[in-house]
Amino acid sequence: MRIHYRRRGGYQKKDETPVYRANEAILTTPEIRVIDEEGQMLGVLSSSKALTMAQERGYDLVEVSPKAVPPVCKFLDYGQFKYQKEKEVKVQKAHAKKVEVKGIRLSVKMGAHDLDIRKSQALGFLEDGNKLKIEIMLRGREKEHGNIAYDRINGFIKSLEETYPLSLEQPTTRNGGNVSAIVGRKG
């Protein structure tokens with residue numbers, strides 16, 4: 001019986017939003033650099049004094065730069081600040097191009113027409129900006145002649161390089177009965 005990965009507790013979704021300390025959580029730091037709601041520098045103050053000033057003005061004290069020495073805090077509306085940061089993370093995630101590794105499986109005994117079809121598929125994958133894993137699974141007596149698989153993969157890569165300049169991500173290697181290489185487009 002298969003055990004589902006979520007039942008084992010090994011899978012946890014990572015939260016990409018950074019954590020910003022606010023109000024009482026900042027009191028653990030003795031001194032902080034404070035910026036008011038209009039962007040004016042108030043200087044280095046004790047954290048308790050800065051918190052009371054923020055609360056008097058009707059704002060939250062939010063740590064915007066925790067790695068600075070001393071940490072930089074600002075008078076803000078914490079809910080609005082957190083919402084803006086989450087929105088920025090979503091926009092960055094949407095603009096990030098996910099590069100996938102697409103697989104093309106060849107054979108030692110493959111004919112010329114089949115190779116042309118695989119080549120057109122591979123060029124389509126490279127056109128989309130994906131990386132390409134080219135592999136040959138050796139069966140039976142083919143395992144004794146791994147050099148033929150190396151030559152077939154290297155020849156296939158050379159035929160792809162006629163269209164696009166390629167970068168070799170993983171050179172042609174043999175792992176048991178598999179011979180594979182990973183390539184991607186340059187630039």
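Quick check on Arg185: is it over 21 Å from Gly111 (Cα atoms), crowded, with 17+ Cβ neighbours inside 10 Å, touching a helix residue (DSSP H, G or I) at 6+ places or on another chain (Cβ under 6 Å) and not aromatic (Phe, Trp, Tyr)? So Arg185 fits the description; yes.
Scanning the stretch 40-91 for residues that are more than 15 Å from Arg21 (Cα to Cα), of a type in the set (Ser, Thr, Tyr) and under 31 Å from the mean Cα position of the chain (by Cα) turns up nothing. What's the number of the only condition in (1) farther than 28 Å from Arg21 by Cβ; (2) without any contact (Cβ under 8 Å) to a residue 40 or more places away in the chain; (3) surrounded by 11 or more Cβ atoms within 10 Å (Cβ to Cβ); (4) not acidic (Asp, Glu) that Met110 fails to meet? That leaves (2) as the condition not met. No other residue among Lys131, Lys90 is assigned by TED's automatic domain parsing to the domain that holds Val64 and either crowded, with 17+ Cβ neighbours inside 10 Å or within 30 Å of Val64 (Cα to Cα) (or both) apart from Lys90. What is the one condition in (1) under 15 Å from Leu115 (Cβ atoms); (2) surrounded by 12 or more Cβ atoms within 10 Å (Cβ to Cβ); (3) without any contact (Cβ under 8 Å) to a residue 24 or more places away in the chain that Ala149 does not satisfy? So the condition that Ala149 fails would be (3). Within the stretch 123-154, being among the charged types (D, E, K, R) and within 35 Å of the chain's Cα centre (by Cα) holds for Glu127, Asp128, Lys131, Lys133, Glu135, Asp151, Arg152.
If only residues of the stretch 41-87 that are more than 18 Å from Thr28 (Cβ to Cβ) and hydroxyl-bearing (Ser, Thr, Tyr) are counted, the one that is surrounded by the fewest Cβ atoms within 10 Å (Cβ to Cβ) is Tyr83.
Among the residues of the stretch 152-165, are any of a type in the set (A, V, I, L, M), loosely packed, with under 14 Cβ neighbours inside 10 Å and over 23 Å from Lys97 (Cα atoms)? No - not one qualifying residue is present in the stretch 152-165.
The values are calculated or read from the model by the stated rules, or taken from the named source; none is laboratory data. The structure presented is a predicted model; accordingly, all values stated were derived computationally and were not measured. Glycine also receives a Cβ, built like all others from the backbone with ideal geometry; neighbour counts cover every protein chain displayed.
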